[in-house]
Structures are given as structure tokens and as C-alpha cells.
Number of protein chains: 2
Amino acid sequence: MNTLTGNAVVGQSGGPTAVINQSLVGVIEGLKETLVAKGVVTSVFGMLHGVNGLVKGSVKDLANVPAATLARVADTPGAALGSSRDKPDQDYCAKILQSCEKLKIRYFFYIGGNDSSDTCRIVNDLARKAGYELRCYHVPKTVDNDLAKNDHTPGYPSAARFVATAFMADSLDNRSLPGVKINVVMGRHAGFLTAAAALARRLDDDGPHLVYLPEVPFDSDRFIADVERVYARLGRCQIAVSEGIQDRNGRPIAATLVEQIEQDAHGNVQLSGSGALGDALAELVKDRLMKAANMSKPPRVRADTFGYLQRCWPDASPVDRQEARDAGRAAARLALEHTDGSIALVRASSAPYRCEFRRIELTDVAAKTRHMPPEFIDGHSNVAKAFLDYARPLVGELPLMERL
Amino acid sequence: MNTLTGNAVVGQSGGPTAVINQSLVGVIEGLKETLVAKGVVTSVFGMLHGVNGLVKGSVKDLANVPAATLARVADTPGAALGSSRDKPDQDYCAKILQSCEKLKIRYFFYIGGNDSSDTCRIVNDLARKAGYELRCYHVPKTVDNDLAKNDHTPGYPSAARFVATAFMADSLDNRSLPGVKINVVMGRHAGFLTAAAALARRLDDDGPHLVYLPEVPFDSDRFIADVERVYARLGRCQIAVSEGIQDRNGRPIAATLVEQIEQDAHGNVQLSGSGALGDALAELVKDRLMKAANMSKPPRVRADTFGYLQRCWPDASPVDRQEARDAGRAAARLALEHTDGSIALVRASSAPYRCEFRRIELTDVAAKTRHMPPEFIDGHSNVAKAFLDYARPLVGELPLMERL
């Protein structure tokens, strides 16, 4: 390939994670070691708040940031450059291309999920059509773990580590003061993060006792029967629920159940806000478990929605830290050899765990959603051993917890 | 004092914490080293689920638990013996006393908050009246930090550490994708835990930008004006709200605001469940900030309720781990010399931080609630430097987070 001289730009997009800054620093380091060192790239710019900043000319020169600062930034959660939820269409991407031309940018790196890879794809197409030579790279990131062609995605292992740790600790709280405990986990379309709750189990009666994924249609009657069964056996029940659970027709339970409960009791009320699904499920259990199980008084039912802490908690998985950094470096290195692509994490070996970084086409990953494969799911309210074997090496060592 | 021979019992009560097992192990170790070693105490029993288990004869012999197991249990969150929410009256306490007589218990240790110290007080009074010699000790525990005569309470520093860490990380998430972020923190009557959010601040524009405590009457109009001011300056706003905020008449906002919003829009609806307050405040901001600030579109508003993770997260403050253990040991040691009492943590020195354990009367702490003192509060939406100086040595070193 010819040597393409000019500047580089890197941006962060979508929901931040505990390790998205590792990838940012990986790209910067990778560029410095290769393209900048060879004199091919002059300046490395950072987009402030993703492409939203780029089209406004809001960029930051990253060349002079000391290595020690970069090292600390890498270990800091959140998007150090700021992020954006914009989903650029053709017109928006045309503006992105204009900004690239204006800043003499020939290397474009965008860290994010499937929307971000789609932005890369459109910008890449526009550049090609316009005859403007631009190397477009997508660096994978998402706590949902829903990118196609990837064994897993940077950001997921750390979020899964938080969820597993939270379920371990909360399970002991639930043993201390028994009752029904519902924990709502992120993941609008894919159940990988909710499934990670099952990593908390050590002994037979450890929670989570029930796991509900978006991939398995949710049925309220069956749910109550499940809870009743566990409660009868253990006198308590810890439940992992994905925020994205849906009914048989693909309607989100967060909408239907909340509506239904409120309608039944009080008329047509629309709820919103992040605690609503957990609260609605808790109401359902309070109301129906007592009748179903012929209890003399309502059971203790509590719901927590783990919320944004899942994606920003500063205790990243060691594997995730390293892989997120390496994914950024791989993108910078590949930009020397290929005009475009996305970095895919491919598991090269399971025991010992080892992961490789491969270049895939932007179209392989752009705007596609990966779901939990059937072999990771056991029945309608559990995950399979195959999932646990898959996820365990990713999250790292979990805290030791002992019983009397 | 005479040597009182017999058995000992220890129990855990109320909401568990990250270090309540440290106190349990402290009591056991203290007893083994003194009363058991001297042949004064024969068996050490653990109440399963507090006095609820004791009155049912549901106890566990703790004498043969290996030291290595105890060490691991001490580092495990949750109540290893199980806990109870029972608030015993005179009749209930009479049954407790009967169980003590039956099990030849002469040493009674109860780890918990102000309700648990009240149980100790009643049992102690009944025993004295009945002429049954019993040494009753209360060992302090509560994440709310609301025990009288204590500088602080075991359990609080670890929960405060979680809250401060969560606000640091969430503040970076909020910088990445700007908007209004409301985080609801535990503490029904006292604001100490919510106030700990302010420990997250490093730089001028770091969150939390607003802090609302139960000690300061909450006014919705003033709240919106506060948010509007911060949002105008920074384009974002991170808010710490105690679950126990109240209006001028002492009515919990969790009840009034939720009701009011639902009433205004849709009729008379009662909400319940743990996410309700955060969601109601988020609705209020969405609705009114846009009008107040003449925005063209509604601001991004999100609410998280930190929930039970605050009291069980397995990353205890080092100071808290040690003090909780020492409080348990102090109770066992004092039971050799005094008939009853509670252990109070008294700050002996601020720089360097040093804490002492003193015996206080059960009546000093029983059923009393301590609030944030006025000197810890700055205006209606912030904490004072005096609070930060007070809390900083308790939570231990917080993670380093770096900006570009």
C-alpha cells in the first residue's frame, strides 16, 4: 500500500464503560509507535463528544499529553474525550467528511458499539465515493456484548464483573434478611450482562435463583410460578432480570407490565424512569405470590435497578483492561496496512484463555445485533454451563465470600 | 466483680453491612481470649436471625469454627448468622430472657443499631428485675451513622466509601454524556451517607453539584431553581438525594412528590418500590427544567437508586474493617468488668486519625437517633468542609481518576 500522510483523529461514542479509555490510549500509543514515529501521521486529534464535536471543529490535540497522564486516563472509567448518542445519517456523515478534509485527517478511529461502526461504514463509503483517501477504523466497545463476529466486546467483562460481584454480595444480604429480591440489569436486546449474574453462584442455594433474559419471552404467570417454587424451597428468592425482557410479541415488559398494573388499579397511567420495571415486578410479586402461596402476610419484596454503576464502576476486569488497550493498538497498527475495518476479539484458546485481534469488515459488524446463542440458555429462567465456561475467564477473580 | 460462669450468645440485627461480620468475629475472638480462656464461659452460641432465632431455640455453637474460617467470614459482607427486623417489646423480651435461662446464657451480645440497643436495654432491665444475672452488651452497627454518643458507627465508613466511589465514577459518566443525573442514597432519618457523596469531588466542576439531606426541608421549587443554575453553568448536573428527604412539615418527599406528580397528571395514584423517589424527581426535572430554562427540547434526565449495594459491597474501608472488629472485641473484654453497656467509637485524634472504644450506658444510645450536626451542613444543598474533614479519614483511599 502507498504511504498516506496526514493527521489522525480518534473519538468515543455511546455509553461509556470502565475501559473505553484503555482503547483510547491504545489507539494513541499505537499511532505514536507506528505512524507518528514513521512521520506518516503529524497530529493526533481527539473528537470532543464524538462526531458531534468533530463536525463543530471541537477537537483536542493529544500529541503532547504526557505518557504518565495517559496511563492514568486509561485506568479511569467514563469517556475522557466525552461521548455522543448521535446516530449520523448520510448528511451528517457528509459533514464529518468535510471536517476530516479541513483538518487534513487521513486516519479515523471511532470507539463504540454497532451504531459507531455504522458511522464508520457510512463515512468510509462517502470518502471513497468522493475520492478522498481516508482510513476508517472501528474499535469495539459495549457492555451489552452484542457485536457480531466478536467472541466478546471490551467493556463487557468489567460490567459482568460488577454484576457478578453485586449478585454475590446481595445474595448474602438476601440470606440475612430473607425475602424476594429483584435486581434489574442493563442490556436492552442481549442478555449477556444479565446472564453474568449466574457467575455469583458458588453453593447450591446461592442466588441468582432465577435469570430472565431478553432472548426468552417473559410470561408473568410463569414468572410468579417460578418465584413461588423457589420461595417454597428456600424461603427467599434472588432474581436477575434484564431491563430488555419482552413478551411473546416482542413488546418490552418495561412498557406493558407497568401499564397493565397501573391500569388495573388506577386507570391509564404511563410510568417512566429507570426504576419502573423493577418496581412493577415487585408489585406483581407482592400482589400475587401471597395469594398463590396462601401466605398469611405479604412476603418481603425489594427491587434494585443497578443502573449506570454497571458501566462505570472503577474495578475493571484485568482481562478487559488489557484487551481494550490492545484492541486500540491493533486498530492503529492495522491502519498502516488496510484502508478500513473493525477489530474483532476472537477466542484462540479456552484453557488457558487466550484472545486474538482480527480485522473484520465494517459491514460485518455495522448496525447488527448479536444475541445470546441458544447453547448459553437453559430453559426459560436459567443460563447453561456453556455460558459460565465462556464468561468465567473474562471477569477475573471474584471476591472470596465465606459462610459460617 | 464476681466471676459469672455460664454460656455466651451473640446475634446480628437490622440491615447487614460490609463489616457486621467483623464485629461478630471480634466478639467471638474476644470471648475466646478472655472468658473462654479463663474457663468462665463454656459455650459461645450464635443466634440464627437475631432474637427471632434465639426465642425459637435456633442457635449455632460457634466454639468449633476454625480460626481460618472466622477470618474469611469477617471479610464477608452480610450477616453470617442471619439478621432480623423484629423490634421486641416487653413480652418478646421476656421470651428472650427465658431462652437465655434455658441455654444458661450469662453473656448476651447484640450487634445492631438503635433498635438493637433498645432490645439489649429491655432484656437487661427484665433480667435485673427477675434477679437473673445477665451481662448485656450492644455492639454498634449501622450504615446510617445515626447512633447517639458515637463519632461514627461501624458499617458507615464502608457504605460511605461505596457512595463516594459511585459518585466519582458516575460523575465521569455524566461528563461523557451530559444531562441531569439524580442518585438516591440510603438514610431514612440522617444524611451522613448522602453527604459522603461530596467526598467524590476533586476539581471545581466535579459532582455532586447538589446534595439534599433529610435534615434540611426539601422544597420542589427551590430544587428546580438549583438544578437550573447548575445546568446553565455546566450543561449538566449530578445530584445526591437522600431517600429520607422531607418537606417543611416532616412529610417524606418519597410519599408527597410521587403522589403529587401522579395526581396532577393522572388522578390519585400511589406508587411504591425503591426506584420511585428517583423516578419522581426525574419526572419533575424533565417537566419543569425545560420550561424554566426555555429549552427547545427536554434535557437528558436519569435517576439511579443505589439500593442494597450500598450496605453489602465487598470493598470495605480498611478503617471500618479494623474498628468493627475491635468494637466486638471491646464488648467481650468489657463484659468481664461491667454488667452492661454499649460500645461507643470516640475520635481521640483527628490528625493522625485515631479512634477509641468507650463503654457507654445502654440508655445513652437505645432508641435514639443522631442527625447531621448544623456545622456539617452548608446552606440547603451542600455539605460543609467540617463534614469532609470528618469523613475523609473514615472511607480510606479512593480510586485515582484522571482527566485529559
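Throughout, read-outs are computed from the coordinates displayed, never taken from laboratory work. The model shown is predicted, which means the values in this text are computed figures rather than measured ones. Heads up, the Cβs are rebuilt from the backbone with ideal geometry, glycines too, and the neighbour counts pull from every protein chain shown.
Here is how the numbers come out for the structure above:
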read-out	value
Stokes-Einstein translational diffusion, the range A:1-127 - Kirkwood Rh over all Cα pairs, 1.002 mPa s, 20 °C, in µm²/s	147
Nearest beta-carbon to the A/B symmetry axis - residue in chain A, distance in Å	A:Gly275, 1
Cα point-scatterer Debye curve for the range A:132-195, base-10 log of I(q)/I(0) at q = 0.23, 0.25, 0.27 Å⁻¹	-0.94, -1.03, -1.12
Nonlocal amide H pairs with A:Val9, under 5 Å, H built at 1.01 Å	A:Phe45, A:Tyr107, A:Phe108, A:Phe109
Residues whose placed amide H lies under 5 Å from that of B:Leu177, excluding near-sequence neighbours	A:Ser83
Where the Cα pairs of the protein assembly as shown fall when distances are cut into 10 Å bins, in %	3, 13, 22, 24, 20, 11, 5, 2, 1, 0
Cα-based shape type of the range B:27-73, given that a ≥ b ≥ c are square roots of the gyration tensor eigenvalues and the cut on a/c is 1.5	oblate
Relative contact order of the range A:1-81, pairs being alpha-carbon contacts under 8 Å that are 6 or more residues apart, as %	44
Using a 7 Å Cα-to-Cβ projection, B:Leu398 label spacings across copies, nm, ascending	2.8
Label 7 Å beyond Cα on the Cβ vector: B:Glu33 copy-to-copy distances, nm	5.1
Under the span-like rule (Cα at least 15 Å along the axis, Kyte-Doolittle mean at least 0.0), DSSP H helices of chain A	A:20-31, A:253-266, A:276-292, A:385-395
Average other protein chain Cβ within 10 Å of Cβ, residues A:174-185	4
222 nm mean residue ellipticity, helices alone, for the protein assembly as shown (DSSP H n ≥ 4; -39,500 (n - 2.57); rounded to 500)	-12500 deg cm²/dmol
By average C-beta atoms within 10 angstrom, highest first, the peptides B:202-213, A:158-169, A:100-111	A:158-169, A:100-111, B:202-213
Global geometry of chain A, whether rounded, prolate or oblate, following the gyration tensor of its Cα atoms and the 1.5 cut on a/c	prolate
Prolate/oblate/rounded call for the range B:1-58, Cα gyration tensor, a/c under 1.5 rounded	oblate
Cleavage-rule hits (trypsin sites (Lys or Arg not before Pro)) in the range A:342-404: DSSP loop, at most 11 neighbouring Cβ within 10 angstrom	none
Label spacing, shortest first and in nm, from B:Gln98 to its equivalents in the remaining copies (7 angstrom along Cα→Cβ)	8.6
Whichever lysines have a C-alpha closer than 16 Å to that of B:Lys181, once near sequence neighbours (fewer than 8 apart) are set aside	B:Lys286
Relative contact order for chain B, counting Cα pairs under 8 Å that sit 6 or more residues apart, in percent	22
Ranked packing of A:178-185, A:55-62, A:134-141, most packed first, by mean Cβ within 10 Å	A:134-141, A:178-185, A:55-62
Kirkwood Rh in Å, taken over all unlike Cα pairs in the range A:317-404	15.7
Sum of side-chain charges, A:Ser171 neighbourhood, beta-carbon under 12 Å (Lys, Arg +1; Asp, Glu -1)	+2
Dimensions in Å of the range B:278-350 - Rg and Dmax from alpha carbons	23.5, 71
Most fluctuating residue given options A:Leu97, A:Leu177, A:Leu199, as computed from a GNM of chain A linking Cα atoms under 10 Å	A:Leu177
Value of D in µm² per second that Stokes-Einstein yields for the range A:163-232, Kirkwood Rh from Cα pairs, at 4 °C (1.567 mPa s)	101
10 Å binning of all Cα-Cα separations within the range A:102-240, expressed as whole percents from 0 upward	11, 31, 23, 15, 10, 7, 2
Cα Rg over Rh - the range A:62-182, Kirkwood	1.14
